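Student: This structure is in structure tokens; I'll ask about it shortly.
The values are calculated or read from the model by the stated rules, or taken from the named source; none is laboratory data. In this text the structure is predicted, and so the values were computed from the model without any measurement. Note that we place each Cβ from the backbone using ideal geometry, even for glycine, and neighbour counts take in every protein chain shown.
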Amino acid sequence: MNNMRYDSSKEYRNAKKMGERELLYWESRGRDGHLPSLENLLKDKSIVNETSLGIIEVPIKKIRGTFYDSRRSAFAKNFMPLLEEDTEFAIKWMNLFEAQQEEGIRDAIVAYEYLNKFYVVEGNKRASVLKYLDSPSIMANVKRLIPKYDEMDLNIRIYYEFLEFYEKTKINMIWFKREGGFKELEEILFDYIKKNNENADEFFRFFEKSIYWEFRKVYHELNGEKLPITTGEAFLYYLKKYGIEKYTSEKELRLRLKTVIKELEDIYFEEKKI
């Protein structure tokens, strides 16, 4: 009876078309359109520590690739499938799609985290299905690979800032492309906790899953992603302007974000004005 609500083979064909378009997009620009593999990315990289994070909730947008180089050809860069509909791979993908529709995918994937991006060791098809369905997050048993500190590498310096921030907050949905962002956000968070006598761990979970996620949803609905900054940067700007409020109506948030996006456009696109 449940099968009447959806056609998993039709959904697979649609996902495969999305993958083929993604593949063509990158290949037409002389780039590799298949899924990145961490095995390739780690060549000539120095890893100084590997630590287990246990089973955590991972933002689906941060699932960026597979671990094994041998798995990458089955997926396009956007994690959509590329293999034919009559393959065992496709049948398993469709079964997972049906399982998600009926009861949700419950088994955590296994992944490595490197530079705050996640690469799947086990569960590539689960990640693919949830990306196709635009799910916000996925449960994952994660091991973190920490690269050697490099003063000359901006990304490494920012990542080490993130590690300090994560150690104190366990927040991993927010990212900055400049130094200092995590320290600024940390100060705002702990100042709020102190002034409002909040339980830190409970507040951090609420902050990430409710305050930030609601901001992100509306920000993207208003096309904020067209700005040349991360959503985290826009969020920090918003917090500096309005402060932390546990409960803000969507109507009020939308009005505020229209103002924020306009102000950020003036800042970042000013040089393009005539």
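Student: Scan segment 143-154 and tell me whether some residue there is in contact (Cβ under 8 Å) with a residue 60 or more places away in the chain, assigned to a strand (DSSP E or B) and over 26 Å from E233 (Cα atoms).
Tutor: Yes - at least one qualifying residue is present in segment 143-154.
Student: Just to be sure I understand the filter: pairs with C-beta atoms under 6 Å, separated by 6 or more residues or on different chains, first member in segment 13-34 and under 20 Å from T66 (Cα atoms) and assigned by TED's automatic domain parsing to the domain that holds Y119, second member assigned to a helix (DSSP H, G or I) and small (G, A, S). Which pairs pass?
Tutor: Going by the 6 Å Cβ cut-off, the qualifying pairs are H34/S73.
Results for (1) part of a loop (DSSP other than H, G, I, E, B); (2) out of contact with any Leu (no Cβ under 9 Å at 6 or more places or on another chain); (3) not acidic (D, E), shown as yes or no for each residue.
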| residue | (1), (2), (3) |
| --- | --- |
| M94 | no, yes, yes |
| I105 | yes, no, yes |
| V121 | no, no, yes |
| A127 | no, yes, yes |
| D134 | yes, yes, no |
| A140 | no, no, yes |
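Student: Taking the options I109, I138, I158, name whichever one is at pLDDT below 95 and surrounded by 18 or more Cβ atoms within 10 Å (Cβ to Cβ).
Tutor: Within the list I109, I138, I158, the selection yields I138.
Student: Please count how many residues of segment 164-181 are assigned to a helix (DSSP H, G or I) and touching a helix residue (DSSP H, G or I) at 6+ places or on another chain (Cβ under 9 Å).
Tutor: Final tally of qualifying residues: 6.
Student: Of all residues being of a type in the set (D, E, K, R) and crowded, with 18+ Cβ neighbours inside 10 Å in segment 11-52, which is farthest from D86 (Cα to Cα)? Just the residue, please.
Tutor: Checking each candidate, the answer is E22.
Student: Take segment 37-58 and flag every residue that is under 27 Å from R106 (Cβ atoms) and either modelled with pLDDT of 95 or more or of a type outside the set (D, E) (or both).
Tutor: S37, L38, E50, T51, S52, L53, G54, I55, I56, V58
Student: Among the listed residues F207, F269, identify the single one that is outside the structural domain of V142 (by TED's automatic domain parsing) and surrounded by fewer than 18 Cβ atoms within 10 Å (Cβ to Cβ).
Tutor: Within the list F207, F269, the selection yields F269.
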